[in-house]
Amino acid sequence: MADTPVDRRKYQRQRIRLACHLQLNSGLLVHGYTQNISREGVLLETQPLQAHQQHFRPKPGDIGILILQYKKNDSPGTLKVGCRVMHTMANRIGINIFFSKLSLSDQQTIAMILESESGVL
């Protein structure tokens, strides 16, 4: 009998779809949408990389900035979060966000996104 995979995440994931961009320190810019978000992580579903970007594919350990787009009071907002690539698979990237390094205001914005279960605050 096969072992059931264990979810080692500390925080519950919410299925929330937000437009976002991942800017890695290597210079690679990846566009996509969040598939799920938790307090310390994001699963990013990416758009296909351009041919000239293929050799810069994200790798576990890569550091960068994740830019999340949301709406607050019908106005667009962005949240920039330091992050690290944890794993990659096909067109998905598992990202660890540096929640504890965010300002209190940005931590509250993430909390509101999670509570609303959407990108509309």
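The values are calculated or read from the model by the stated rules, or taken from the named source; none is laboratory data. Because the structure is a prediction, the values reported are computed rather than measured. Quick reminder, even Gly has a Cβ in these numbers, built from the backbone with ideal geometry, and neighbours come from all protein chains shown.
Values as computed for the structure displayed
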| item | result |
| --- | --- |
| Scan of the stretch 65-81 for residues that are at positive phi and in contact (Cβ under 8 Å) with a residue 24 or more places away in the chain, ordered by number | N73 |
| Number of the exception - K72 against (1) of a type in the set (K, R); (2) modelled with pLDDT under 95; (3) within 15 Å of the chain's Cα centre (by Cα); (4) loosely packed, with under 15 Cβ neighbours inside 10 Å | (3) |
| Filtered residues of the stretch 17-36 (kept if in contact (Cβ under 8 Å) with a residue 40 or more places away in the chain and β-branched (V, I, T)) | V30 |
| Answer residue from the stretch 29-40, given it is surrounded by fewer than 20 Cβ atoms within 10 Å (Cβ to Cβ) and in contact with a helix residue (DSSP H, G or I) (Cβ under 9 Å, 6 or more places away or on another chain) and is modelled with the highest pLDDT among those | S38 |
| Residues located in the stretch 6-28, provided they are farther than 15 Å from L79 by Cα, surrounded by fewer than 16 Cβ atoms within 10 Å (Cβ to Cβ) and touching a Leu at 6+ places or on another chain (Cβ under 9 Å) | Y11, Q12 |
| Options E45, E117; residue that is surrounded by 14 or more Cβ atoms within 10 Å (Cβ to Cβ) and in contact (Cβ under 8 Å) with a residue 12 or more places away in the chain | E45 |
| Entirely in the stretch 27-121, the strands (runs of 3 or more DSSP E) that have 2 or more residues that are farther than 16 Å from Q14 by Cα and in contact with a Pro (Cβ under 7 Å, 6 or more places away or on another chain) | 75-89 |
